[in-house]
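Taken together, the values in this text are just the output of simple stated rules run on the coordinates, not laboratory data. Since we're looking at a predicted model, the values are computed, not measured. Cβ: placed from backbone, ideal geometry, glycine included. Neighbour counts: every protein chain shown.
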Amino acid sequence: MDRRQFLTATGLFPLAALTGCSGEEPLLRVSGITWVGYEPLFLAQTLGLLPPERIRLIESPSNTNSLMQLASGEVEAATLTLDECLLAHAGGIPVKVILVFDTSNGADVIMARPGIDALADLEGMRIGVEETAAGALMLSQTLEAAGLTHRDIERITVVGNEQIAAYRSGRVDALVSYEPFATRLADLGAIPLYDSSAFPGLIVDVLTVHERALDQHPRALKRLVDAYFEALGVVRASPGRAHQLMAPRLELSVEDTERAFAGVDLLGVDQNHQWLGGEQARLTRSARHVATIMRSYGLIDEVPPLADLGTSRFLPVPT
């Protein structure tokens, strides 16, 4: 069963209801991958801002795995790219976006071996890419810019945490990568060919929650979002300290961590209200644009209704 069949099947059956004792909320489980845009959430955990008895962050090897966990009920929330969230939505999984982490502005990047100096040089090459909608979008945008088609390259499935091994072993000639893996690849000699700064606003990272959890975990979700913005405040007010704390989990030096964050635009409280609040919410416009591209690539069958995809219910009051 492929991912789309799995999502459709699981969307037809309600998840088991979770009930608390004496008015207590059940444990909120959040799945997330290693990605600089999500890192302030894990920094919140490092800073002790997330009560472990109420909120548990779960490390995931890929967005696809996080999406499957969300669909099957293993977690109540997941850090996903907007296109993966749309894949869940189109597959019948009732989800809401309650936080927009960032937009990628260079942190998603094609990394290639020395000697592959131009996009046209990718013809005939083995390109590693994760089987996610974001990976497909990034690869398709790259091939379009290169004047190539999918028939002109050999596509190799490589999940994020396998990128370094795939490059070292010679299994691939280039990779659809993202931070922090792109910087680790650069340390091995790989060079950047093309990145998400060429199409700003296409790759967006969001906190996606199963709709049932909105009423089952309201206090925990509010605490999660508040803690995220508290940690983001540390990143902005004390970047040196924040980068030092985040570097070990990213497996980067402090200097490389600082450079990795330069490729994402982290969105604050006011920006999140613009993305999630009101009839003219930016999320709705962005989601329609991304969904239209996904349909053209055959990733979804049709653009689903998206007016109610996001909610500002759990955001702090804007400044």
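Here is how the numbers come out for the structure above:
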read-out	value
Amide H contacts under 5 Å for L28, placed H, 5+ residues apart	I55, R56
Derived scalar couplings ³J(HN,Hα) [the stretch 147-161; Karplus, 6.51 cos²θ - 1.76 cosθ + 1.60; whole Hz; x for Gly, Pro]	x, 10, 10, 4, 6, 8, 10, 9, 8, 10, 6, 9, 6, x, 6
Point-charge dipole on Cβ atoms (K/R +1, D/E -1) for the stretch 108-198, about Cα centre, debye to 20	260
Zone residues, the stretch 40-68, relative to A237, backbone N less than 15 Å from point 7 Å out along Cα-to-Cβ	44, 47-49
Relative exposure of M68, M111, M125, judged by other C-beta atoms within 10 Å (fewest first)	M125, M68, M111
Between 0 and 90°, nearest 10: helix 282-296 axis offset from the chain longest Cα axis	50
Leading residue at positive end of dipole, the chain (Cβ point charges), from Y297, L80, V317	V317
Which of R155, R219 has the fewest Cβ neighbours within 10 Å, and the rest in rising order	R219, R155
Sum of side-chain charges, S296 neighbourhood, beta-carbon under 14 Å (Lys, Arg +1; Asp, Glu -1)	-2
Residue of Y178, Y228, Y167 that the Gaussian network model of the chain assigns the largest fluctuation, springs spanning Cα pairs under 10 Å	Y167
Burial ranking of peptide ranges 179-187, 58-66 (average Cβ count within 10 Å, highest at the top)	179-187, 58-66
The stretch 108-198, relative contact order [Cα under 8 Å, separation at least 6], %	50
Calculated Rg and Dmax of the stretch 108-198 using C-alpha coordinates, Å	11.4, 30
Length-normalised contact order for the chain - Cα pairs under 8 Å, 6+ apart - percent	26
Residue list for the stretch 45-89, given a label point 7 angstrom along the Cα-to-Cβ vector of Y297 and an amide N cut-off under 15 Å	63-64, 81-88
Two-site FRET efficiency, Q271 against I156, from Cβ-Cβ distance with R₀ of 41 Å, rounded to 0.05	0.65
Other-chain or far-sequence residues with amide H under 5 Å of Y178's (modelled H)	V109
Residue exposure sequence - S286, S31 - by fewest surrounding Cβ within 10 Å	S286, S31
Neighbourhood charge, 15 Å Cβ-Cβ cut-off, centred on E279 and excluding it, Lys, Arg +1 and Asp, Glu -1	+2
Length gained when the stretch A145-S253 is fully extended (0.36 nm per residue, less Cα-Cα span)	35.6 nm
